[in-house]
Amino acid sequence: MSHGGRLLGFARRNAWLLAALAVLVASTAVVAQYQRQPPDFGGAYEFPTPTHPEPRADWLRALDVALLAAGLGLAAWLILKRRSRNGVLLLSIGAVGYFGFFREGCVCPIGSIQNVTLTLVDPYYDISFAVIAFFFLPLVATLLVGRVFCGGVCPLGAIQDLVLLRPQPISPRLDRVLGWLKYVYLGIAVYFAGWGINLAVGGFVFESGRRFLICEWDPFIGLFRMTAPFHMLAAGGGFLLVGMFVGRPYCRWFCPYGGIMAVLSRVAWKNVSITPDKELDCGLCAGACPFGAIENLRADRADCLACARCYESCPRELEKRGLIASADEYIQVRVRRP
């Protein structure tokens, strides 16, 4: 086995330890900069008020964190244990209702990338423990059980999943190329959140202070809040329109938080396995996946969004549920084998 293979094997065997170390190191750096009260600069200086501040009530913040943790646990159980597409669908509807429309998309793990970045860069930036929890909990869950956050808890992913009507296949090559956009977006968003930009080129000066680009261009926050600038509403409408025919375009190609989870999911302790007892290699799961996440007739650990659709097409799963008499006979009919 190659050196890289041994490292990957070690990471998978010790996912719990890696998760604990990741949380310990990262949260120590973040909490070390946490301040409940900003510094006093003296004079008449006043700190600006956020456009959409977090709720002041501590119990509401605690409720958000508790529901996120419960949702992650329930998603893992439904996807990996119960293997239930219907259960995941109901959980997605609940996530859209609560984290989406009721909480108006805030607090958001995707946007929290910027809060954590600015906290690490600026010692005077104030961040709440709710934001820290929303940033780390889905990542820890990804290290343990794959992208269950994407599958049933993320309201941005769920609203796209609910509008998918007639999924069309996408060229694997185009899918791979577009998949790099989320990492580019992640790098740009982190840079703007932490440092902004000040650049002079040919006599032209490009200058911008720190900005939370992910929040400014979030395609669904405007829909959740029923009010937003035109560019946000247009982006949301465009993604939903495309999402009727292309499975989760924002999640697959633009979500910066999804880029982080794609990396972590590669070394997850457990992940989606379509037929864990015996693979049939019939290919029916690949036809059922609208995200191009089935590679070599196996769920790709990085790209699988844990939607549980593949279970609904697996002959062995259907046989186990008593929906068909024989998996082998079903395969012969479906794939038209002689």
Quick check: anything in the stretch 133-154 hydrophobic (A, V, I, L, M, F, W, C) and modelled with pLDDT under 95? no
Log entry, pairs with first residue in the stretch 103-132 being in contact (Cβ under 8 Å) with a residue 24 or more places away in the chain, second being in a helix (DSSP H, G or I) and of a type in the set (S, T, Y), beta carbons closer than 7 Å, six or more apart or on different chains, reads P109/Y257; I110/Y257; I113/Y257; Y125/T119; I127/T119; V131/S112; I132/S27
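Yes/no per residue for (1) touching a strand residue (DSSP E or B) at 6+ places or on another chain (Cβ under 7 Å); (2) at negative phi; (3) of a type in the set (D, E):
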{"position": "D303", "(1), (2), (3)": "no, yes, yes"}
{"position": "A308", "(1), (2), (3)": "no, no, no"}
{"position": "R316", "(1), (2), (3)": "no, yes, no"}
{"position": "K320", "(1), (2), (3)": "no, yes, no"}
{"position": "L323", "(1), (2), (3)": "no, yes, no"}
Determine, yes or no, whether L241 is at pLDDT below 95, of a type in the set (A, V, I, L, M) and in a helix (DSSP H, G or I).
no
Among G247, G259, G287, G236, the single one that is part of a helix (DSSP H, G or I), under 20 Å from the mean Cα position of the chain (by Cα), within 20 Å of L164 (Cβ to Cβ) and not β-branched (V, I, T) is G236
Expected single match for touching a Lys or Arg at 6+ places or on another chain (Cβ under 8 Å) and either among the β-branched types (V, I, T) or outside the structural domain of D300 (by TED's automatic domain parsing) (or both) among M261, M232 is M261
Note on the stretch 223-233: residues surrounded by 21 or more Cβ atoms within 10 Å (Cβ to Cβ) and either more than 18 Å from the chain's Cα centre (by Cα) or farther than 13 Å from G105 by Cα (or both) are L223
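The values are calculated or read from the model by the stated rules, or taken from the named source; none is laboratory data. Computed from a predicted model, the values in this text were never measured in an experiment. Note that we place each Cβ from the backbone using ideal geometry, even for glycine, and neighbour counts take in every protein chain shown.
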